[in-house]
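As structure tokens, the structure follows; a few thoughts come after it.
The values are calculated or read from the model by the stated rules, or taken from the named source; none is laboratory data. Treat the numbers as computed from the prediction; the structure is a model and nothing was measured. Neighbour counts are summed over all protein chains in view; Cβ atoms, including those assigned to glycine, are modelled from backbone coordinates with ideal geometry.
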Amino acid sequence: MKKLIKSLIPQRVRAWLGTSIDYRRLSYSQEGEDLILASLFDLQFSKTPGFYVDVGAHHPKLLSNTFVFYMNGWSGINIDAAPGSMLAFQHERPRDINIEAAVGEAGKALTFYEFNQPALNSFCRDRIPTGYFGWTIVRERQLTTATLAHLLEQHLPPGRLIDFMTVDVEGFDLRVLKSNDWARFRPAVVLVEDDEAIQSNRFWDSSICRYMSQQGYNYCCNTLLTTFFVDQEQVESTLRGTRVRPRSS
């Protein structure tokens, strides 16, 4: 009987009835940071591929604030200190510039702590309490840091402008920010994990927020872990809130 009824329905109608609408919005970030960025840059409607910088990139897809943009034709620079971290990026993100480097003060030798959860790798040994969630240090290495400004000077394509920069280096974030030359390398949007703000729940009044304010950036919004800053000279206010136009090379 079902076959008979189905045969009586025109094929065009059957196809329409069999179509389900998918309302999901795909995120690869830890807390949907990429969806906030997608809204800021009107990623759904913009046809201009932009450029990002990801410091503490960790993995080409897992906990990534940039992979959604890569899938939409964007490209950028991925930086991570963990030895061997860029092998996966070279395979999964060949359009990007992938750099294995520790970012901080120029030429400073530091101990890099590797955890059994690689997302926690850091220069900050005591950031994670011993045994918390079973996380523990499995290896220590000596790495020499380079400034973010130096790495961008070496690897940023000539004339290329940075649309957004994401920084997540497990407690070392302010030192990374201070190593940039904000006059030369000035993203429209900067998002950064801010331990001080997380602990105090004052995202607008942390050391990182005050530092970014000194560089001419305003607090925009935050997730539970990540704070967003915008350069008011590069953003525009619309009826739908703050928006940023990607800048082509």
Task: Looking only at region 25-54, and only at residues there that are assigned to a helix (DSSP H, G or I) and of a type outside the set (S, T, Y), the one that is surrounded by the most Cβ atoms within 10 Å (Cβ to Cβ) - done: E33
Open item on the list: If I go through region 139-160 residue by residue, how many of them are assigned to a loop (DSSP other than H, G, I, E, B) and either over 23 Å from the mean Cα position of the chain (by Cα) or among the β-branched types (V, I, T) (or both)?
Closed with: 1
Open item on the list: Pull out all pairs, ordered by first then second residue, where Cβ-Cβ is under 7 Å, the residues are six or more apart or on different chains, the first lies in region 107-127 and is exposed (fewer than 13 other Cβ atoms within 10 Å of the Cβ), and the second is modelled with pLDDT of 80 or more and among the polar types (S, T, N, Q).
Closed with: G107/T144; A109/Q142; A109/T144; T111/Q142; N116/T136
TODO: Output the number of residues of region 209-238 satisfying the condition of being surrounded by fewer than 22 Cβ atoms within 10 Å (Cβ to Cβ) and β-branched (V, I, T).
DONE: 3
Task: Residues of region 61-116 satisfying the condition of being outside any strand (DSSP E or B), polar (S, T, N, Q) and under 25 Å from P49 (Cβ atoms) - done: S64, N65, T66, N72, S85, Q90
TODO: Take region 200-249 and flag every residue that is part of a strand (DSSP E or B) and aliphatic (A, V, I, L, M).
DONE: V230
Open item on the list: If I79 satisfies all but one of (1) free of Cβ contacts under 8 Å to residues at least 40 places away in the same chain; (2) under 30 Å from S39 (Cβ atoms); (3) surrounded by 14 or more Cβ atoms within 10 Å (Cβ to Cβ), what's the number of the condition it fails?
Closed with: (1)
Task: Boolean, E196 is part of a loop (DSSP other than H, G, I, E, B), within 23 Å of S29 (Cβ to Cβ) and in contact with a helix residue (DSSP H, G or I) (Cβ under 8 Å, 6 or more places away or on another chain) - done: no
